[in-house]
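Report on the structure given below.
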Amino acid sequence: MSVKPGIRRERPTFAEVEICKEWWRIPDDGRKPHVLILEIYRDAHYDILGHNGGIFVADEWPGSWAPCLPPTAVSERDSRQAEVFAWARAAFGESGTTIAQRGIRLLEEAIEAYQAAGCSAKMAHELVDFVFGRPVGDIRQELGGVGVCTLVLAAAAGASADDEEAREVQRVLAKSLDAWRERQLFHRDPGPEATAGRRVVIVGNGEAAVTAALDAVEAGAASVTVVHRRDDFDAPTPLLLRFQSARTNGRIEIVTAQPSGLQSEGEVLKGLVVDGSDDRTRTLALDLLLVLLGWSPKLGPIAQWGLALARKQLIVDTERFETSTRGIHAIGDAVTYPGKQKLIVSGFHEATLAAYAVAERVHPDRAQPLLYTTTSPKLHKLLGVDPANPSPPALP
């Protein structure tokens, strides 16, 4: 594989090779596209660029470019590795697939195999001290050593390392990603079977959070802690009365704080780090974390301004996003109009038209140019983009 000196590694990544497989199926009519991989593992979105020649890939943006190998260069095991890594990235995210995190998981599995082989804990502790007393090795060579030891151990146990690995891969990939994502972190109430006997931390202050806290108490949770930036909860009065009673009886703890991080050991979530209203940082031990941040827009005092309303939302026109009072503009979830969709992309559209309408009112004597991020030096400067190189690097 030919690459520019000092730019890319000698081999493409496994995910790149998977894309190459698809590319090689395209008839070679002299117009095969280049492919830029925008997100290799997180989703399957590719930007097809209209250039002739071979296939090229980039890991980063802006990145370095290099041609990809044909599918004949990929072994069955390499394909399996690519498939498993893509699954792991989707299941655990980028932070869960770092070298350090995967090293922890490898150690855990190795210890379990060690234990299954009938070896003692005392010897394991001695080996840890022995290894950490030696210089750090090269990760690639050490992985090769792990592979060799796995093959020999499998032979000694009368098993096929390849067959056992393939069987485990099939078992893991057969699981829904939700089964892995929702082992400890939930964006819903997981129910009494999940919360019984466990330390439950809930983030939120709405009806969903209050209900989940009460359900966890009734299910026999070991502890229930509710985290919110203020000691203020929004739920129907009967629920709030039960919530206050459980709080008074010490069955629910309220922590006024903002979440700032997570504490974990390997793939096991151990705690939620919060910054308290008393300027103190603490870690809340947990077995389950429920993030229930339901939100609904409330007009507050604006509802008393005499503006036209429909179902507690401001009525606006769709040309200037102006309310019933001239000069007052509104956008977002607090407004309504025919065909309104509560989407972020809709908010961008509304903000653009409202901003131009406001600018026209404030500066009626000025033209309001429409600037583009692709061509405007002014926007390049504001965004910190190099005007001399605003586009992707030229393909070889």
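None of the figures in this text is laboratory data; all of them are computed from the coordinates on show. Quick caveat: nothing in here was measured; it's all calculated off a predicted structure. Reconstructed Cβ throughout: ideal geometry from the backbone, glycine too, with neighbour counts over all protein chains shown.
Would you mind giving the average projected area, over all directions, of the Cα convex hull of region 185-291 in nm² with one decimal?
Taking the Cα atoms of region 185-291, their convex hull projects to 6.3 nm² on average.
Rounded, prolate or oblate: which one fits region 300-362, using the alpha carbon gyration tensor with axes a ≥ b ≥ c (rounded when a/c is under 1.5, else prolate when a/b beats b/c, else oblate)? Walk me through the intermediate numbers first.
Details: a/c = 1.91, a/b = 1.10, b/c = 1.73.
It comes out oblate by the Cα gyration axes.
Taking the Cβ of each residue in Thr283, Thr237 as the centre, tally the other Cβ atoms inside 10 Å and list the residues starting with the fewest. The partial results should precede the final answer.
Working: Thr283 13, Thr237 7.
Result, fewest neighbours first: Thr237, Thr283.
Once you treat every alpha carbon in region 223-282 as an equal point and sum by Debye, what is log10 I(q)/I(0) at q = 0.15, 0.22 Å⁻¹?
The Debye formula, applied to the Cα set alone, gives -0.56, -0.93.
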